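Remarks on the structure that follows.
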2 protein chains.
Amino acid sequence: MKNLKYSRQRESIKSFLAKRTDHPTADTIYEELRKDFPNISLGTVYRNLTLLEDLGIIIKITSSYGADRYDGNTLLHNHFTCTECHRVIDLEMDNIDHIKNVASQQFSGLIEGYVANFYGRCDNCL
Amino acid sequence: MKNLKYSRQRESIKSFLAKRTDHPTADTIYEELRKDFPNISLGTVYRNLTLLEDLGIIIKITSSYGADRYDGNTLLHNHFTCTECHRVIDLEMDNIDHIKNVASQQFSGLIEGYVANFYGRCDNCL
DNA sequence: TTCGTTGCAAATGTTTTGCACCTGA
DNA sequence: TCAGGTGCAAAACATTTGCAACGAA
């Protein structure tokens, strides 16, 4: 992996994500950072998001609805997506890591991890 | 929901997916169907895939790598994605539906379902 | 000075859509 | 007949990339 150099833009993306819990998209982050960096480009945002994800500092959440979302909380947790308003919410729930073992049982490859996404309707949309 | 009319293209997509277990992309399906329907268009393939998904006849698998994939097997099962060759494989594993209850416990919305995707390296790539 | 980083714009890859024509019921 | 389906092409989106200029070490 290559050497990293300090960049104000990257730091800003990192700290922005650290204080949000609503899993913004790259575009939301871009619009937000433009307040501090009027000339920042979407390309820079994407490049840094990919970088931060590779470093394990943030998580990318892909769902079948719309653009990817980013999460500054890398502590193991699962997500819920509302099928109506498409909000993505952190779930507080007991650890379900054992499903990795269940999946491994009759599988000949190597299971390194899993992503569990729950869906339904959030309390706002019920 | 609107009335459906028979279409050879749709039937062909349906039966094609029914006999594959490798979760092809829309483009793969398109290329394959062109053998029978030289003039079929990608738009038609996408329109029918969306339709079949809405009808619950097929499943769409979204992952963070590349295009969506489609699965003709709607019996409850989970998938494994190889991080190296990006193959998507059906997992034969014990039922883990109980994770829905685990997730519901401290959640105020309504959890209707979940998607569990496992990843790692398949036996070919080990 | 060096090499990673940025802004900009163009390109890419995937999916959706408008429209005129076609087809099944 | 007529609403739904199709092919085609253009558009819409999300994301990536080439390049010349910039900036941190």
Where chymotrypsin sites (Phe, Trp or Tyr not before Pro) fall in DSSP loop in segment B:56-93, at most 15 other Cβ within 10 Å
B:Tyr65
Coarse-grained scattering of chain A at q = 0.20 Å⁻¹, given as base-10 log I(q)/I(0) from a Debye sum over alpha-carbon atoms:
-1.17
Antiparallel DSSP beta bridges within chain B, percent to nearest 5
65
Here the equivalent ellipsoid of segment B:1-65, derived from its Cα gyration tensor, has semi-axes (largest first, whole Å) of 17, 16, 11
Cα gyration tensor of segment B:49-103 - equivalent ellipsoid semi-axes, whole Å, descending
20, 18, 11
Run the label-point distances for A:Leu126 please: 7 Å along Cα to Cβ, every other copy, nanometres, shortest first.
4.4
Near-label residues of segment A:20-37 by backbone N, under 20 Å of a point 7 Å along Cα→Cβ of A:Arg8
A:29-37
Please report the net charge: other residues with Cβ closer than 14 Å to the Cβ of B:Gly56, K and R +1, D and E -1.
-2
Once the label point is placed 7 Å from Cα along Cβ, list for B:Gly56 the distances to the corresponding points in the other copies, in nm, shortest first.
4.2
quick note, the protein assembly as shown, DSSP beta bridge pairs, % antiparallel (nearest 5) is 75
Which of A:Glu32, A:Glu11 comes first, and how do the rest follow, when ranked by fewest Cβ neighbours within 10 Å?
A:Glu11, A:Glu32
Between segment A:20-39 and segment A:62-126, what's the alpha-carbon centroid distance in Å?
23
Put the label 7 Å from Cα along Cα→Cβ for A:Arg34; what are its distances to the other copies, in nanometres, shortest first?
3.9
With the charge dipole of segment A:8-120 built from beta-carbon charges (+1 for Lys and Arg, -1 for Asp and Glu) about the Cα centre, the Cα from A:Leu51, A:Ile99, A:Ala67 projecting farthest to the positive end belongs to A:Leu51
Hey, got the average number of other protein chain Cβ atoms within 10 angstrom for residues in A:78-91?
2
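Rule-based calculations on the coordinates, nothing more; no lab input. Just so it is clear, the structure is predicted and the values come from calculations on it, not from any experiment. Note: ideal-geometry Cβ built from the backbone for every residue, glycine included; neighbour counts use all protein chains shown.
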